[in-house]
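Have a look at the structure below before the remarks.
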Amino acid sequence: MDTKSIGRPPKAPKHWDQRFLVIASHVAGWSKDPSTKVGAVAVRNRRILATGYNGLPAGVDDTDSRLANRETRLKMTTHAEMNCVAYAARSGVCLTGATMYVWPLMTCSQCAAVLIQAEINKVVVPDFVEPFRWQESFDLARQMFVEAGVTVHRVPMKGPVNQEEEPIDTSPCSLDVT
Ligand SMILES: [Zn+2]
């Protein structure tokens, strides 16, 4: 190994949305799902609050035979976004006003419902072609987000990096602890 490269960080995109989508893609890689690996990262003020990836709930045996059976797997799987919200809940982290970065798919309608209830106010996904079989759920999720006032951004992950920077949101979490 080239000793000069030890400790040198990998090149990161300059745009914050792309940086967090890269992290979501890394988290997606932790999923044991044999066909669809999804990662979710909740962020506020450029800091990560929680992460999640799709899989069976903790303690539920993710045996090869269960994971190989698509129908069983889909019925038992917790989606990345829901795992992220569940992790935040059990860690006592408020997601109000946070942004959810999801890789590589648009949020489904059931996760959209949970993200709206958790008061996520922005969802960022990569600008990829969406698989046709989930299009109906993605379109429904978009409609729900529009009605609930949640912004959805599709960010290009190829080509020149967008260097535009967003202002840091300094509004406090609405969780009232007094
Ligand atoms: Zn979902």
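For every residue, the table says whether it meets (1) closer than 20 Å to A24 by Cβ; (2) in contact with a helix residue (DSSP H, G or I) (Cβ under 7 Å, 6 or more places away or on another chain).
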residue: T107; (1), (2): yes, yes
residue: V125; (1), (2): yes, no
residue: Q135; (1), (2): no, no
residue: R142; (1), (2): yes, no
Open item on the list: Checking V123 against (1) in contact with a Ser or Thr (Cβ under 8 Å, 6 or more places away or on another chain); (2) farther than 11 Å from A40 by Cα: exactly one of these is not met. Which one?
Closed with: (2)
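When you scan the stretch 9-120 for helices (runs of 4 or more DSSP H) that lie fully inside it, which ones turn up with 2 or more residues that are more than 16 Å from the ligand (Cβ to nearest atom) and surrounded by fewer than 22 Cβ atoms within 10 Å (Cβ to Cβ)? Steps first, answer last, please.
Numbers: elements: 16-28, 64-68, 70-76, 80-91, 109-117.
Where helices (runs of 4 or more DSSP H) fall fully within the stretch 9-120 and carry at least 2 residues being more than 16 Å from the ligand (Cβ to nearest atom) and surrounded by fewer than 22 Cβ atoms within 10 Å (Cβ to Cβ), they are 16-28, 64-68, 70-76, 80-91.
Could you tell me whether any residue of the stretch 136-145 is among the polar types (S, T, N, Q), within 14 Å of the ligand (Cβ to nearest atom) and either touching a residue at least 40 places away in the same chain (Cβ under 8 Å) or touching a strand residue (DSSP E or B) at 6+ places or on another chain (Cβ under 6 Å) (or both)? Walk me through it before giving the result.
Residues of the stretch 136-145 among the polar types (S, T, N, Q): 137, 143.
Filter once more, so that each one left must be within 14 Å of the ligand (Cβ to nearest atom): 137.
In the following step, the residues that additionally are either touching a residue at least 40 places away in the same chain (Cβ under 8 Å) or touching a strand residue (DSSP E or B) at 6+ places or on another chain (Cβ under 6 Å) (or both) were identified as none.
The answer is no; no qualifying residue exists.
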Task: Some residue of the stretch 139-158 being at pLDDT below 90 and either farther than 18 Å from V41 by Cα or part of a helix (DSSP H, G or I) (or both) - done: yes
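Condition test on K11, is it free of Cβ contacts under 8 Å to residues at least 12 places away in the same chain and out of contact with any Pro (no Cβ under 8 Å at 6 or more places or on another chain)? Break it down stepwise before answering.
Working: free of Cβ contacts under 8 Å to residues at least 12 places away in the same chain: yes; out of contact with any Pro (no Cβ under 8 Å at 6 or more places or on another chain): yes.
Taking the combined requirement at face value, the residue satisfies it.
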Task: Conditions (1) touching a residue at least 12 places away in the same chain (Cβ under 8 Å); (2) over 23 Å from H153 (Cα atoms); number of the one not met by M106 - done: (2)
TODO: Output the residues belonging to the stretch 45-60 that are without any contact (Cβ under 8 Å) to a residue 40 or more places away in the chain and out of contact with any helix residue (DSSP H, G or I) (no Cβ under 6 Å at 6 or more places or on another chain).
DONE: R47, I48, G55, P57, A58, G59, V60
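The values are calculated or read from the model by the stated rules, or taken from the named source; none is laboratory data. Remember, it's a predicted structure, so these values are computed and weren't measured experimentally. Cβ coordinates were reconstructed from backbone atoms using ideal geometry, including for glycine residues, and neighbour counts include every protein chain displayed.
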